[in-house]
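Participant: A single structure is presented below for examination.
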Amino acid sequence: MNMLPETIEPITDAAGGFHPLFADVPSSVEFNKLRKRLLRLARQAIDDFSMVRPGHRWLVALSGGKDSYGLLALLLDLKWRGLLPVDLLACNLDQGQPNFPKHILPDYLNTYAIAHRIEYQDTYSVVTEKLPQGSTYCSLCSRLRRGHLYRIAREEGCSALVLGHHREDILETFFMNLLHGGRLAAMPPKLLNDDGDVMVLRPLAYCAEADLEKFAGAMKFPIIPCDLCGSQDGLQRNAMKAMLDDLEKRMPGRKDTMIHAMTNVRPSHLLDRKLFDFAALNEALTARQDVPDDI
């Protein structure tokens, strides 16, 4: 059961027809429901977190994985329907991983006349020089990639960098912070970068990874594997993924419930003295006790 409130209007097709990306999609009822569900949830996140400033330009990070392809397709679909009044520029950062198929993304984007920028920066060599052999490269690689994407956003006049993180990414990060970092934190759907000039947006925050995987299969995206460099996400994230999948299997609907819980935080019921003034409760009680009974 979806625990998210349905506060947005039904999806309409103001432009008529469809974006060229959707010319050969399945005509099945199942796919139409999946597409509409993903569009609704993406639009809801965009609306809930005030992501849109009409007339601005978004840099959409495209790695070649199922999530970033899905993100780009859904944003183009919303824009085609007249529901996303921003300009979109797809961007792939070729980081020099061994055997990276350089032709796939440009060919795909050109086929559908999607505005894009392909940039080459050999961050792979930087990472392998700094980390010992056998280490997990993902964290450092991600930080270097993010820095280049911020730079490209500035160069292209984009006010936002848009990333394809989904519901499971947010939940896994929450539990990694909870169990290993000693803090309550996740991936925010909207974040201003440290320099204060680029907004980071995650419109897929409410979307399930399983839905995005089905969507990618139906859309026949030319997926580029994420392990070309021989390094994959660390054991902690994999453990969180397995834990959440097991929980969802035993108690269906828990992932939606947990995402809903993140939108319904009660600081007075936690233990963070920076978020809630517990000392003021003493003053409130004293003030109440000092009020005469006959008033």
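The values are calculated or read from the model by the stated rules, or taken from the named source; none is laboratory data. What you see is a predicted model; the values in this text were computed from it and never measured. Backbone-built Cβ (ideal geometry, glycine too); neighbour counts: all protein chains shown. We work out accessible area using only protein heavy atoms, side chains counted, and drop any ligands, DNA or RNA first. Shrake-Rupley method; radii C 1.70, N 1.55, O 1.52, S 1.80 Å.
Participant: Taking interchain pairs and intrachain pairs at least six residues apart, which have beta carbon atoms under 9 angstrom, with the first residue in the stretch 10-33 and within 20 Å of ASP211 (Cα to Cα) and the second outside any helix (DSSP H, G or I) and at pLDDT below 90?
Facilitator: Qualifying pairs under 9 Å: VAL25/PHE18.
Participant: Looking at (1) surrounded by fewer than 16 Cβ atoms within 10 Å (Cβ to Cβ); (2) modelled with pLDDT of 95 or more, find the lone condition where ARG143 falls short.
Facilitator: Answer for ARG143: the failing condition is (2).
Participant: Here's something else I'd like to know. Can you give me the number of residues within the stretch 199-230 that are more than 20 Å from LYS241 (Cβ to Cβ), in a helix (DSSP H, G or I) and not small (Gly, Ala, Ser)?
Facilitator: Final tally of qualifying residues: 1.
Participant: Is it the case, given these coordinates, that MET187 is open to solvent by less than 80 Å² (accessible area, probe 1.4 Å) and without any contact (Cβ under 8 Å) to a residue 24 or more places away in the chain?
Facilitator: For MET187, the condition - open to solvent by less than 80 Å² (accessible area, probe 1.4 Å) and without any contact (Cβ under 8 Å) to a residue 24 or more places away in the chain - is met.
Participant: Any idea which of HIS165, HIS148 is under 26 Å from PHE100 (Cα atoms) and at pLDDT 95 or above?
Facilitator: Only one candidate passes the filter, namely HIS165.
Participant: Got a number for residues in the stretch 72-92 being in a loop (DSSP other than H, G, I, E, B) and open to solvent by less than 10 Å² (accessible area, probe 1.4 Å)?
Facilitator: Residues flagged as in a loop (DSSP other than H, G, I, E, B) and open to solvent by less than 10 Å² (accessible area, probe 1.4 Å) within the stretch 72-92 amount to 2.
Participant: Next question, about the same structure. Failed condition for LEU281, given (1) at pLDDT 95 or above; (2) more than 21 Å from the chain's Cα centre (by Cα), with all others met?
Facilitator: The number of the failed condition is (1).
Participant: I'd like the full set of residues that are of a type in the set (Asp, Glu) and without any contact (Cβ under 8 Å) to a residue 40 or more places away in the chain, limited to the stretch 190-207.
Facilitator: Within the stretch 190-207, just ASP194 meets the criteria.
Participant: Moving to a separate point now. Return the only residue of GLY157, GLY196 being assigned to a loop (DSSP other than H, G, I, E, B), open to solvent by 40 Å² or more (accessible area, probe 1.4 Å) and in contact with a strand residue (DSSP E or B) (Cβ under 7 Å, 6 or more places away or on another chain).
Facilitator: Among GLY157, GLY196, only GLY157 is assigned to a loop (DSSP other than H, G, I, E, B), open to solvent by 40 Å² or more (accessible area, probe 1.4 Å) and in contact with a strand residue (DSSP E or B) (Cβ under 7 Å, 6 or more places away or on another chain).
Participant: Now a separate question. (1) of a type in the set (Lys, Arg); (2) within 28 Å of ASP94 (Cβ to Cβ); (3) open to solvent by 50 Å² or more (accessible area, probe 1.4 Å): which one isn't true of ARG202, the others all being true?
Facilitator: In the conditions (1) of a type in the set (Lys, Arg); (2) within 28 Å of ASP94 (Cβ to Cβ); (3) open to solvent by 50 Å² or more (accessible area, probe 1.4 Å), ARG202 misses (3) alone.
Participant: Pick out the one residue from LEU228, LEU244 that is at pLDDT 95 or above and closer than 23 Å to SER68 by Cβ.
Facilitator: The unique qualifying residue is LEU244.
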